[in-house]
Amino acid sequence: MPPAARWKRHTEIINKFCHAKTDKGAFVNIYESLCAITGRDYVSREKEDTYIYSRDSGAEPPRPVDYVVMPGTVEEVQRILLFANEEAIPVTPLGGGFTLSALVVPQKGGIVLDMKRMDKIIEVNELSRYALIEAGVSQASLRAYLKKHHPRLQHSTPEAPPAVTVVGNALIQGHGHITPRYGLTSDMVNGMEVVLPTGEVCRLGSSAVTDSWYTRGPIPDLPGLFIGWFGTTGVVTKLSLKLYPRPQYREVIVFSSDDIDAIPEVIFELTQLDLLEDFFLITQEKPDWMNHIFYVVILSAHFEEELAMKIRIYSDVAKKIGNGKTIKVVENLHPALYKRFLDVPPQAAVAADFRKGGGFQYSAAILSFDKVPACWRKGIEIAHNHGMVASYVHQVLTCHSIMFGFNYSFNRADDKDIAAARQAIDESNRFILETEGMIWKGSSEAQKLIMKKMDPATAMLIEKIKKAMDPRGIMNPGNWEVPR
Amino acid sequence: MKYEDIIHRCFRCGFCKLTDDYEEFNCPPHKKYRLESFSPGGRMWLIRARIKGDVQISERYQQILYSCTLCANCVTHCIFPFKEDLVNIFTAARESLVEEGTLPPAVRDYLKSIQTYGNPYKEPSAKRGDWANGLSVPAYDGQEYLLYIGCVGSYDERARKIARSVALLLKTLNISFGILGAEEICDGNEVRALGETWLFEGLAQRNIEYFKTRNIKKIITLDPHAYNAFTLEYKTLGADLEVYHYTQILAEKTAALADRLKTDPLEVTYHDPCYLGRHNNLYDEPRKILAALPGVKFAEMVANRGNALCCGGGGGNFFSDILGGGKESPARIRVAQAKETGAGIISIACPQCAKMLEDAVKAEDLEDKLAVKDIAELVLSRLETK
């Protein structure tokens, strides 16, 4: 449908919906109104359902939810937002719901908009290498779809469990297994369809001008109004994501070291080659053989000779760093680790059972490489102070920064342990900011710390943008709020 | 409640909802309702919330617990060490509802029928053997095997036809077997699945005693649900039985019929019943039978073996229908998956799956394109009459 016709159609829906309402201020049955939009099967106010949506798998305390709604179409999303805007009901859009920092657990109640019914892979353009997907498409389903229908292409898959959504990962500025080569998932966004809190449906990127979704520019960069905003500016219903060549051969090469201070140099040298697919750093205090710094480099290639060459080059580079004394190649990698490193997605969630407690949360810092040693030491100190065994998985994002995870496993059945994890997270967040790092997907408390430290003019700009886009403040309120 | 010491360990990461390649959501209630509360993780967290007193028993809580088909997809795909106990945890949560007397009406009625009539159909025991009328199937009298039919095969019209086919085939293959007819007692698999442990143990003990009295050592079951109860549960109660599902017997014998089987082309797919497949790891035998049928081209569904989607009848839902029908019901999705193979026949090896899928074929308006046949019916239909 051409842009003008689309606009007309959306305006008709807005007008029809608004005019259908009776006297303003009259009692409105929210539940019945929502049922009238999506059908009764996809609205719930049952305590059992809202209980699950009022908490996530991290250590954040639960917060009440009034309604869960599962829209099936963009028109339904539009009508829900129009209704919520009219009645000033908070709306929190939810993808996989697995940020672990409770970003999509409402802070002020209202509606959780679970997008998982909108799970169509609308188009894969092989030649222009992009996929147009709905907001509820899971990482796993896109990966499986590409493997089956477009085996030469891949998208960047995060370490998160496979049921999480692609769009969610992009909107929280997440990263995936090809981030070191191609950038953050949010950098891979070509365009979006979004529903504004006031009901308008907009297309961003080339789809605003053409019927194709192959590029984000060159027009004003509007996707940025929805990336990193945690759903406070609107609901993304479709997203065009860049796809990349999928090499046939993959291998992992692991280096180990005990020199924390050498980490920045090692990362710099290993990323200087620009040949790696993925790159992460791990350690674990127990068992003893894991208590080292492991540099895990994933290499991929289209030809066996190419892969062999890359392996050889990385082995040679290791010999040059610190005259060959800083890192050494790990020979005879344990088969379980070998699999874990090469699996896409890896089963990283098992970390939640390290202490047989079902709980895991991490405070994620986006750091420049020079800040890693200080954070490495501090993370261990915080873990020990709270009686925990330290463990890390950090992913090098591009050749410019690293996602440094302060990881804390906890026992969900032990309130004191949960409180300790929260305290550890808070201490980590404060240290990140003190160290000139940035907190990634920060919880409500972390956001308060960030906003407090933020340049007041920037905070004012955020506030102005939010006000302009969401005049009644219905979208995931409580996030990115300027402290008074 | 049992398993209280591990239930908090669920991280709700969601691997349990998926297939091996993570391509499809494969948990029947979650697939239908899509709400996280209907996923295995959601159920785990709610059971724990109930233990802690954060949620109370309600109609919704009952619906969430009893719409689970105990299909064990979660057991197969969970990544945590406690995965083997997931179905046991869900069953234990149902047990606690039974203990408190707070059951959904459909479950209560089912259990009451078993207690009163010995079967869920409220039919007299005397009619239990009527399925065999006119077949000259011998009563059990020391033959090598007991052919155990179960409630569904004994009373349900569709399932009776399957029971007859199995009996006829066993006769054709000269297997030494007999049936109990009116003396057969419900195996209790669904009773246990619905959480009535006390009643289940009573039924199991009666069966075990009866089998001992009659010196029954080897049993062939028609129904994978009975096979499950006899192999996994009765053994823990002291039974000493050699139990086979009829497909295990046929798998060894079908080749002997080779020169009597039709050879005209036929395309067939196969639906793995959960109580044969995921619960008891019997995946190859039905496929071996199909492979032994000349002219039959086997078309595997994408979701097969451990990834097969449950028909929606497991965990007592065949009787309680708490999961319910509708376009997003697992049976209708499964039928659509079967249609994708291009096969004209969905073969099954379970009378409950047969009924569920046959209803779904009708609901999907595919009756002229897709037939549901039990493997025994299929083999029988391929036998040349002499």
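Bear in mind that the values in this text are calculations on the coordinates, not laboratory data. This is a predicted model, so every value here is computed, not measured. A quick note on method: Cβ atoms are made from the backbone with ideal geometry, for glycine too, and the neighbour counts reach across all protein chains shown.
Quick notes on this structure:
- A straight Cα-to-Cα reach below 17 Å connects B:LYS127 with the lysines B:LYS161, residues fewer than 8 places away in its own chain not being considered.
- Taking θ as phi - 60° and the Karplus parameters 6.51, -1.76 and 1.60, the scalar couplings of the stretch A:436-443 work out to 6, x, 10, 8, 8, 6, x, 5 Hz in sequence order, x denoting glycine and proline.
- Taking a ≥ b ≥ c as the square roots of the eigenvalues of the alpha carbon gyration tensor, chain B is oblate, as a/c is not under 1.5 and a/b does not beat b/c.
- Angle between chain B longest axis and helix B:40-52 axis [Cα atoms, degrees, rounded to 10]: 50 degrees
- Within the stretch B:92-156, GluC sites (Glu not before Pro) in DSSP loop having at most 16 other beta-carbon neighbours inside 10 Å: B:GLU144
- Taking 0.36 nm per residue of separation and subtracting the current Cα-Cα distance, fully stretching the chain between B:ASN215 and B:ASP130 would add 28.2 nm.
- Equivalent ellipsoid semi-axes - Cα gyration tensor, the protein assembly as shown, angstrom: 51, 32, 28
- Couplings for the stretch A:225-232, taken from phi via the Karplus curve 6.51 cos²θ - 1.76 cosθ + 1.60 with θ = phi - 60°, read 6, 10, 8, x, 9, 6, x, 8 Hz in order; Gly and Pro are left as x.
- Alpha carbon centroid spacing (whole Å) that separates the stretch B:1-58 from the stretch A:277-301: 32 Å
- Distant-in-sequence amide H partners of B:TYR148 (H built 1.01 Å from N, under 5 Å): B:ILE220, B:THR221, B:LEU222
- Spin-label model, B:ASN281/A:HIS400: points 7 Å from Cα along the beta carbon direction are separated by 5.3 nm.
- Taking other C-beta atoms within 10 Å as the exposure proxy, B:HIS279, B:HIS245 rank B:HIS279, B:HIS245 from fewest upward.
- The label-point distance for A:TYR249 and A:MET438, in a model that sets each label 7 Å from Cα toward Cβ, rounds to 3.7 nm.
- Residues of the stretch A:225-250 with amide N under 12 Å of the 7 Å Cα→Cβ point at A:HIS150: A:240-246
- Model label sites at A:GLU87 and A:GLN272, defined 7 Å from Cα along the beta-carbon direction, differ in position by 6.2 nm.
- Cross-link pairs B:LYS17/B:LYS355; B:LYS218/B:LYS355; B:LYS32/B:LYS262; A:LYS339/B:LYS52 - those with Cα-Cα distance over 29 Å: B:LYS32/B:LYS262; A:LYS339/B:LYS52
- Computed [θ] at 222 nm, deg cm²/dmol, chain A (DSSP H ≥ 4; -39,500 (n - 2.57); rounded to nearest 500): -10500 deg cm²/dmol
- Mean residue ellipticity at 222 nm, helices only, chain B: -12000 deg cm²/dmol; runs of at least 4 DSSP H residues each add -39,500 (n - 2.57), and the sum is divided by the number of residues.
- The trypsin sites (Lys or Arg not before Pro) of the stretch B:170-249 include none that meets both criteria, a DSSP state outside H, G, I, E and B (loop) and at most 10 other C-beta atoms within 10 angstrom of the site's C-beta.
- Percent of beta bridges antiparallel (DSSP, chain A, rounded to nearest 5): 90 percent
- The mean sequence separation of alpha-carbon pairs under 8 Å and at least six residues apart, normalised by the residue count of the stretch A:118-245, gives a relative contact order of 29 percent.
- Here the contact order of chain A, divided by its residue count and restricted to Cα pairs under 8 Å and six or more residues apart, works out to 15 percent.
- Within a Gaussian network of chain B (alpha carbon springs, distance under 10 Å), most fluctuating of B:ILE89, B:ILE219, B:ILE175: B:ILE175
- Antiparallel beta bridges, as assigned by DSSP with both residues in the protein assembly as shown, represent about 70 percent of the total such bridges.
- Residue exposure sequence - A:ARG377, A:ARG203 - by fewest surrounding Cβ within 10 Å: A:ARG377, A:ARG203
- Sparse packing (at most 15 other Cβ atoms within 10 Å of the Cβ) combined with a DSSP loop state is found for the following trypsin sites (Lys or Arg not before Pro) in the stretch A:242-344: A:LYS325.
- Lysines with Cα under 28 Å of A:LYS378, excluding same-chain neighbours fewer than 8 positions away: A:LYS286, A:LYS325, A:LYS328, A:LYS356, A:LYS416, A:LYS441, A:LYS448, A:LYS452, A:LYS453
- Within straight-line cross-link reach of B:LYS83, aspartates and glutamates at Cα separation under 15 Å, skipping those fewer than 8 residues along the same chain: A:ASP353, B:GLU4, B:ASP5, B:ASP20
- Put in order of Cβ neighbour count within 10 Å, fewest first, the listed residues A:MET454, A:MET388, A:MET188, A:MET115 become A:MET454, A:MET388, A:MET188, A:MET115.
- Nearest 10 degrees, 0 to 90: helix B:330-340 Cα axis against chain B principal axis: 50 degrees
- Relative pair counts by distance (%), Cα atoms of the stretch A:348-449, 5 Å bins: 2, 14, 25, 24, 20, 10, 4, 1, 0
- Share, in percent, of DSSP beta bridges within chain B that are antiparallel, nearest 5: 10 percent
- Rg of the Cα atoms in the stretch A:164-232, relative to 2.2 N^0.38 Å, amounts to 1.12.
- Translational D in µm²/s for chain A (Stokes-Einstein at 20 °C, 1.002 mPa s, Kirkwood Rh from C-alpha pairs): 91 µm²/s
- Net charge, B:MET301 excluded, C-beta distance under 10 Å - Lys, Arg +1, Asp, Glu -1: 0
- Derived scalar couplings between HN and Hα for the stretch B:282-293 equal 9, 10, 7, 4, x, 5, 5, 5, 4, 5, 7, 8 Hz in order, rounded to whole Hz, by the Karplus curve 6.51 cos²θ - 1.76 cosθ + 1.60 (θ = phi - 60°), x for Gly and Pro.
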